[in-house]
Protein chains: 2
Amino acid sequence: MLKPIVYVVSDSVGETAELVVKASLSQFNNSSFHIQRIPYVDDEGTILETIEQAQAIKAMIGYTLVKPELREFIRLETQKRNIVSIDIMGPMIDGMTRHLNQVPRLEPGLVHKLDEDYFKRIEAVEFAVKYDDGRDPRGILRADIILIGVSRTSKTPLSQFLAHKKYKVANVPIVPEVEPPEELFKVDPNKCIALKINPEKLNHIRKERLIALGLNATATYANMERIKNELEFFNRVVDKLGCKVIDVSNKAVEETATIVQEMLRNQGQ
Amino acid sequence: MLKPIVYVVSDSVGETAELVVKASLSQFNNSSFHIQRIPYVDDEGTILETIEQAQAIKAMIGYTLVKPELREFIRLETQKRNIVSIDIMGPMIDGMTRHLNQVPRLEPGLVHKLDEDYFKRIEAVEFAVKYDDGRDPRGILRADIILIGVSRTSKTPLSQFLAHKKYKVANVPIVPEVEPPEELFKVDPNKCIALKINPEKLNHIRKERLIALGLNATATYANMERIKNELEFFNRVVDKLGCKVIDVSNKAVEETATIVQEMLRNQGQ
């Protein structure tokens with residue numbers, strides 16, 4: 001069992017805090033760092049136990065606690081023991097209190113409340129699963145965004161990332177052997193986004209994919225001629241649609257998702 | 001167009017920072033807050049422009065910048081103008097520098113690097129889409145986690161949330177009319193998690209669902225007798241499997257995901 005290097009103490013799920021810790025850890029050279037989340041903490045006892053564990057194995061602590069008295073408690077107790085501890089959300093909440101001149105509600109987990117926003121997000125995730133990979137072209141007509149691309153251009157994960165932002169996304173694979181669904185030509189081209197990729201990168205990704213599947217990397221799927229053929233067909237579809245294009249060749253899904261959101265924002269959607 | 005109340009300035013995608021701002025904002029009573037992300041910032045010019053915009057519309061600023069000189073720049077320039085600005089990641093990186101006694105790499109976006117971790121996550125997202133809703137029972141044999149439940153117990157969104165944590169998740173709907181796939185009985189019951197829900201809650205959720213679909217809320221789907229019938233069948237399957245059960249009646253998907261992770265951790269997986 002790996003010893004954690006950072007404990008994340010939260011009065012709610014602790015997911016956001018863990019992301020901050022992960023992003024910060026990525027700045028240091030060691031891939032074996034382990035993070036231990038302690039969720040739903042709302043008493044001094046649990047905090048003290050965690051502090052003692054952290055002391056014993058020389059870990060540091062990051063915390064998100066909305067109650068000021070618990071924040072103060074953890075700050076003092078870690079200081080006493082010379083443990084590095086960082087208040088992740090506190091400074092932001094204090095800053096907002098000053099900026100908004102409003103008293104915070106101090107209830108843990110408000111961000112996870114089962115509100116309208118939450119249900120929209122869940123609906124979007126389900127939508128993206130249902131209308132993945134051109135499964136049902138009717139989804140195209142109901143989507144906020146339609147992604148098109150040849151195989152292995154990150155259509156599925158990108159759809160899911162955008163779903164978490166509450167966009168309803170349908171994605172449609174483009175293959176020379178299959179005529180693109182007519183629904184594609186019926187929707188506002190501004191809703192359509194084509195994922196472009198360069199042939200070398202695609203060749204590399206597909207080879208990797210074949211190997212991961214335990215198949216021979218020389219299959220047609222990763223063949224350079226086949227790829228160029230597919231991309232030509234894809235380009236013709238894009239021209240016909242007149243939709244926006246994003247080159248995903250060297251982008252992580254998060255980056256592409258950010259670009260899509262910027263595009264939609266600039267269109268005023 | 002809504003005026004943003006917080007600008008999020010990041011030298012990378014800015015997603016983590018936005019989550020911190022969102023969670024903090026949820027502590028204040030106003031649902032119309034708008035957040036504006038400014039991604040990929042790496043120069044003083046863009047920072048200055050953002051500060052001027054923030055000043056003009058009385059917004060505050062949250063930032064994640066790994067370069068100390070840019071952090072210092074934004075801190076001083078906002079101070080001069082009396083703008084509330086919060087360094088979201090800086091204190092954590094500084095704390096880790098002290099704790100690890102290691103110099104950070106100070107390269108933006110390291111957390112989004114296209115590394116092994118990233119590809120595992122993408123693979124898990126694709127897996128969850130592919131083996132959603134019992135589509136292909138072979139997925140059950142390859143999954144890290146198998147979720148079972150009657151319709152509307154958040155199997156799909158939960159699968160996606162866990163996929164983002166790099167777990168390969170298959171989910172299988174339980175319906176009295178269909179014999180559960182035999183693969184379910186072949187896997188380690190520790191990998192199986194049953195999502196339980198109380199009939200009243202399910203009745204409510206299904207009614208809402210029918211209304212959202214533009215259908216009559218009195219359909220069999222939301223009928224109390226039908227629901228009890230389904231849940232009885234579900235209980236029999238759960239007993240036969242001998243798997244773990246989570247009551248999702250009043251839980252947000254994030255909370256259920258946390259419980260699943262704790263269960264797996266306790267099993268030492």
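The values are calculated or read from the model by the stated rules, or taken from the named source; none is laboratory data. Since the structure is predicted, the reported quantities are computational estimates derived from the model, not experimental observations. Here Cβ is always computed from backbone atoms with ideal geometry, including for glycine, and neighbour counts include all displayed protein chains. Side chains are part of the model used for accessible areas, which takes the heavy atoms of the whole protein and leaves out ligands, DNA and RNA. Shrake-Rupley method; radii C 1.70, N 1.55, O 1.52, S 1.80 Å.
Here are the numbers:
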| read-out | value |
| --- | --- |
| The range B:1-52, subset acidic (D, E) and surrounded by 19 or more Cβ atoms within 10 Å (Cβ to Cβ), residue nearest to A:G95 (Cα to Cα) | B:E18 |
| Selection within the range A:207-262 - open to solvent by 70 Å² or more (accessible area, probe 1.4 Å) and of a type outside the set (D, E, K, R) | A:I211, A:A212, A:L213, A:L215, A:N216, A:T218, A:T220, A:N229, A:N235, A:N250 |
| Qualifying residue in the range B:157-169 (condition: more than 19 Å from A:R209 (Cα to Cα) and either more than 10 Å from every other protein chain (Cβ to nearest Cβ) or without any contact (Cβ under 8 Å) to a residue 24 or more places away in the chain (or both)) | yes |
| Test for A:L76: is it of a type in the set (A, V, I, L, M, F, W, C), open to solvent by 20 Å² or more (accessible area, probe 1.4 Å) and assigned by the TED database to the domain that holds A:A17 | yes |
| Number of positions in the range A:15-38 that are small (G, A, S) and facing another protein chain (nearest Cβ under 8 Å) | 3 |
| A:R142 surrounded by fewer than 23 Cβ atoms within 10 Å (Cβ to Cβ), within 14 Å of chain B (Cβ to nearest Cβ) and farther than 16 Å from B:V125 by Cβ | yes |
| Elements of type strands (runs of 3 or more DSSP E) contained in the range A:164-269, each with 3 or more residues being closer than 25 Å to A:V125 by Cβ | A:169-173, A:192-196 |
| Enumeration of residues in the range B:104-120 that are modelled with pLDDT of 75 or more, of a type in the set (A, V, I, L, M) and part of a loop (DSSP other than H, G, I, E, B) | B:L106 |
| Top-ranked residue of the range B:100-131 - restricted to ones that are among the aromatic types (F, W, Y) and surrounded by fewer than 18 Cβ atoms within 10 Å (Cβ to Cβ), ranked as farthest from the other protein chains (Cβ to nearest Cβ) | B:F119 |
| Residue among B:L70, B:L147 that is in the same structural domain as B:N223 (by the TED database) and modelled with pLDDT of 95 or more | B:L147 |
| Residue that is nearest to B:S154 (Cα to Cα), among those in the range B:79-91 that are at the interface with chain A (Cβ under 8 Å from one of its Cβ atoms) and either at pLDDT below 95 or open to solvent by 50 Å² or more (accessible area, probe 1.4 Å) (or both) | B:M89 |
| Condition check for B:P104: out of contact with any helix residue (DSSP H, G or I) (no Cβ under 6 Å at 6 or more places or on another chain) and over 23 Å from A:T258 (Cβ atoms) | no |
| Any hit, the range A:94-106, residues being closer than 29 Å to B:L158 by Cα and not assigned by the TED database to the domain that holds A:C243 | yes |
| Selection from the range A:172-206 of residues that are farther than 20 Å from A:E232 by Cβ and surrounded by 17 or more Cβ atoms within 10 Å (Cβ to Cβ) | A:E183, A:V187, A:K191 |
| Residues being assigned to a loop (DSSP other than H, G, I, E, B) and not hydrophobic (A, V, I, L, M, F, W, C) - total across the range A:135-163 | 8 |
| Cβ-Cβ under 9 Å pairs, at least 6 apart or on other chains, the range B:170-198 side of a type in the set (S, T, N, Q), far side assigned to a strand (DSSP E or B) and open to solvent by 40 Å² or more (accessible area, probe 1.4 Å) | B:N190/B:K244; B:N198/B:D247 |
| Given (1) more than 19 Å from A:L19 (Cβ to Cβ); (2) touching a Pro at 6+ places or on another chain (Cβ under 8 Å); (3) not assigned by the TED database to the domain that holds A:P176, index of the condition A:D87 fails | (1) |
| Residue in the range A:39-59 that is in contact (Cβ under 8 Å) with a residue 40 or more places away in the chain, closer than 28 Å to B:P108 by Cα and within 8 Å of chain B (Cβ to nearest Cβ) present | no |
